[in-house]
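K.L.:
Once you've had a glance at the structure underneath, I'll fire off some questions.
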Amino acid sequence: MRDTHNATSIVRQFIRMSSDNEKGWRFVTNHTQVLLCIARDPDVRLRDVAEMVGITERAVQRIVTDLVEAGFLQRQRVGRRSRYVIDRGVEMRHPAQAGHDIGELLALLALDGRPDGRSELAKS
């Protein structure tokens, strides 16, 4: 059985680190935050994603629909629950990232379970 509690706490820590509520903007968009939560736990409930990202469950539902329609995510029904599969080979949408797929971004922002929640790539 996977340790989803630990993954959830790491994602929450990352989101807190990337939030800047005083200035009203963030480096990582809500779409990316949702995708990161799903990357960490493909069986995560959207209610839990909403709590981790700090947005409403309805906003998460809209973001997931956007990501499914754009081909980044596939939604699979498993009983009464949903499981999400990320297609890491889909190219990012902005022209500045032409030739780069979403898997590269996820790898860059991957949280590898370090106690401080930072990626190995973020060492300074």
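K.L.:
What full-extension length gain, to one decimal in nm, is calculated for Q74 and T29 as 0.36 nm per residue of separation minus the Cα-Cα distance?
P.N.:
14.2 nm
K.L.:
What full-extension length gain, to one decimal in nm, is calculated for R45 and D87 as 0.36 nm per residue of separation minus the Cα-Cα distance?
P.N.:
13.2 nm
K.L.:
Quick check on packing: order 78-86, 92-100, 45-53, 31-39 by the mean number of other C-beta atoms within 10 Å, highest mean leading. Show your work: numbers first, answer last.
P.N.:
On the way: 78-86: 12.3, 92-100: 9.9, 45-53: 18.7, 31-39: 22.8.
Ranking, from highest mean packing down: 31-39, 45-53, 78-86, 92-100.
K.L.:
Sort I63, I55 by Cβ crowding within 10 Å, fewest neighbours at the top. Intermediate results must be reported in sequence, preceding the final value.
P.N.:
Values: I63 24, I55 16.
In order of increasing Cβ crowding within 10 Å: I55, I63.
Where a number appears in this text, it was derived from the coordinates with a stated rule and is not lab data. What you see is a predicted model, and the numbers here were worked out from it, not measured in a lab. FYI the Cβ positions are ideal-geometry reconstructions off the backbone, even for glycines, and counts take in every protein chain you see.
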